[in-house]
Structure formats: C-alpha cells, structure tokens
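The values are calculated or read from the model by the stated rules, or taken from the named source; none is laboratory data. On a predicted model such as this, the values are computed, not experimentally measured, just so you know. Cβ atoms come from the backbone with ideal geometry, glycine included; neighbour counts cover every protein chain shown.
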Amino acid sequence: MGADASLGVLYTFRRCPYAIRARMALAAADLEVEVREVSLKNKPDALLQASPKGTVPVLALTSGAVVDESLAVMTWALERRDPHGWLARTQAGCRARIAANDGPFKQALDAYKYPWRNASDPEVAWSEALGYLRPLDEQCQSEPYLGGAEPSLADVAIFPFIRQFAAVDADRFASALPLLDTWLNGWLENATFKRIMAKVPVWAPGDSPRYFSTLFS
Ligand SMILES: N[C@@H](CCC(=O)N[C@@H](CS)C(=O)NCC(=O)O)C(=O)O
C-alpha cells in the first residue's frame, strides 16, 4: 500500500459498521487517505463542515468533493481498484440484501442491542432479525458467500452489522445460525479486517496527518 499520494481525508470511527465497510474497501483498493478517527460525542468542526449531517464515514476528497455515505465510499474506492472483484461480482440480489441490511435489519439490530435506548423488547427484535438472517444462513448452505462462490460487496457491506448482532450473545447466534456463524468467523479472521481494526488515536486539529497505509499496514 501507499503507492499513491493522499486522495483526501477519511473521517471514521473504529467500531462503526458503516465506517468498517468503507475502510475495508479503501484497504482492498489500496488507496491512500489521511485518517481522522473521531469521537461521535465530540465531532470535530472539520467533519461537520465537510458533511453537516455528522455521520461517519466521510471521505473529503482533495478535489473538494465529499462522499458521505458508506456505500458510496465503497463504490468510489472499488471503481478505482477492485483486485478481489467485490464490486464486479455485485448483482442486483446483492444490492437487495444490502438494502435489507441497512433498513429493517439495522433497526432490529439496534432494538436488540440497545433495548434500553429504543424502549424495545429484545426478544421481538431477535425474531425480527432472524427473519432476515435465516435466508442468509440458508444461502450459506449452497454457497459460501452471500452473492455466490466468491465474496461480493454484499459480504463486505453486511458482515460488520452481523458482527455487532452476533456479539450480543455469541452462543445463541451460533446455535441459531451455524452456517452464517462460520461465514462471519471467516470475515473476522480476514487479514484486511484485522488490519483496518487497528486502534487509532482520536484526531485533533493541528495533529500531524496519519495515513491509512501506515495505520492499517
Ligand atoms: N447512511 C450512513 C449512516 C452512517 C451512520 O449512521 N454512522 C453512525 C455511526 S455507526 C453515525 O455516524 N452516527 C452519528 C452519531 O452517532 O451521532 C452511511 O451509510 O454512511
């Protein structure tokens, strides 16, 4: 990594599943950016100036363009370089799975993981989530990845969310969804994932730039 000059600034948060999927794509594409780890409780002005909606990830490009949706960051990166064919292999079915993940499953995930925040019943949320997860588990019976024999954008975009869901009660998840559990463990052992989960100090204005290739080498 690091053959290119920095293409912009990535505002990110280590554990955020949206930011994880964006870092996965940037790492796969081997693109250099400055990395600014933020605290969501104390968002820096520079982030809010680049994207007033105040979510991460945000990629503020040196061209002045701002990419402030995680799927758009993934697409932007993989359109430049897609060595594993993640984008190339992404069919309409993969897009539909990602939309279901980001919509109803994310809602069920939040209701299951943070019942006190959402005044929700975690058992109802578990059942709702299973309605989405069971077809993925069945998919893993016939083929090892969500879009077929090889990974696609669907796998990379979705696993960070399923990681959060499984972590609430790993044993319950593994016994209800054994094949999806194997799929998830494959991603948790993925070398790129391990790299992009390296801990990074929170950025403060005036810090010397920290680069993706150095932090996530
Ligand atoms: N649709 C956005 C969602 C990003 C998002 O909601 N990220 C969360 C962190 S996981 C966030 O920044 N939340 C704002 C906050 O907590 O204030 C994307 O795909 O990039």
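So which of Ala77, Ala92, Ala119, Ala88 is under 17 Å from the mean Cα position of the chain (by Cα) and not hydroxyl-bearing (Ser, Thr, Tyr)? Write out each step before concluding.
Details: Ala92 fails: under 17 Å from the mean Cα position of the chain (by Cα); Ala119 fails: under 17 Å from the mean Cα position of the chain (by Cα); Ala88 fails: under 17 Å from the mean Cα position of the chain (by Cα).
None of the other options fit; the residue is Ala77.
Counting only residues that are surrounded by fewer than 24 Cβ atoms within 10 Å (Cβ to Cβ) and within 15 Å of the ligand (Cβ to nearest atom), which one in segment 1-20 is nearest to Leu71 (Cα to Cα)? I'd like the intermediate steps shown before the answer.
Step one: filter segment 1-20 for residues surrounded by fewer than 24 Cβ atoms within 10 Å (Cβ to Cβ), giving 1-9, 13-18.
Now drop any that are not within 15 Å of the ligand (Cβ to nearest atom), which leaves 13-18.
Details: Phe13: 16, Arg14: 17, Arg15: 17, Cys16: 13, Pro17: 11, Tyr18: 8 Å.
Out of the qualifying residues, it is Tyr18.
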Within segment 31-46, tally of residues that are within 10 Å of the ligand (Cβ to nearest atom), surrounded by 13 or more Cβ atoms within 10 Å (Cβ to Cβ) and either within 19 Å of the chain's Cα centre (by Cα) or under 29 Å from Ser152 (Cβ atoms) (or both): 1
Breaking point among (1) touching a residue at least 40 places away in the same chain (Cβ under 8 Å); (2) assigned to a helix (DSSP H, G or I); (3) near the ligand (Cβ under 10 Å from one of its atoms); (4) in contact with a Leu (Cβ under 9 Å, 6 or more places away or on another chain), for Leu78: (3)
Any hit, segment 90-112, residues being in contact with a Phe, Trp or Tyr (Cβ under 6 Å, 6 or more places away or on another chain) and more than 16 Å from the ligand (Cβ to nearest atom): no
Any pair with Cβ under 9 angstrom, 6 or more apart, that starts in segment 41-55 at a residue that is under 12 Å from Glu69 (Cα atoms) and ends at one that is within 12 Å of the ligand (Cβ to nearest atom) and acidic (Asp, Glu): Ser51/Asp68; Lys53/Asp68; Thr55/Asp68; Thr55/Glu69
Residue check for Ala28: of a type in the set (Gly, Ala, Ser), crowded, with 16+ Cβ neighbours inside 10 Å and not assigned by TED's automatic domain parsing to the domain that holds Ile162: yes
Residues within segment 47-56 that are of a type in the set (S, T, N, Q) and surrounded by 15 or more Cβ atoms within 10 Å (Cβ to Cβ), tallied: 2
Helices (runs of 4 or more DSSP H) contained in segment 82-196 and holding at least 2 residues among the hydrophobic types (A, V, I, L, M, F, W, C): 92-100, 106-113, 122-142, 153-168, 170-176, 178-188, 191-196
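Given the structure, is Val73 buried (at least 21 other Cβ atoms within 10 Å of the Cβ), aliphatic (A, V, I, L, M) and within 16 Å of the ligand (Cβ to nearest atom)? Lay out the reasoning, then the answer.
Values: buried (at least 21 other Cβ atoms within 10 Å of the Cβ): yes; aliphatic (A, V, I, L, M): yes; within 16 Å of the ligand (Cβ to nearest atom): yes.
In short, yes.
So in segment 57-70, with the set limited to residues that are buried (at least 24 other Cβ atoms within 10 Å of the Cβ) and among the aliphatic types (A, V, I, L, M), which one is nearest to the ligand (Cβ to nearest atom)? Working first, answer last.
Quick first cut of segment 57-70, residues buried (at least 24 other Cβ atoms within 10 Å of the Cβ) only: 57-59, 70.
Checking the rest, the ones that are also among the aliphatic types (A, V, I, L, M) come to 58-59.
Working: Val58: 8, Leu59: 10 Å.
Across segment 57-70, the extreme among qualifying residues is Val58.
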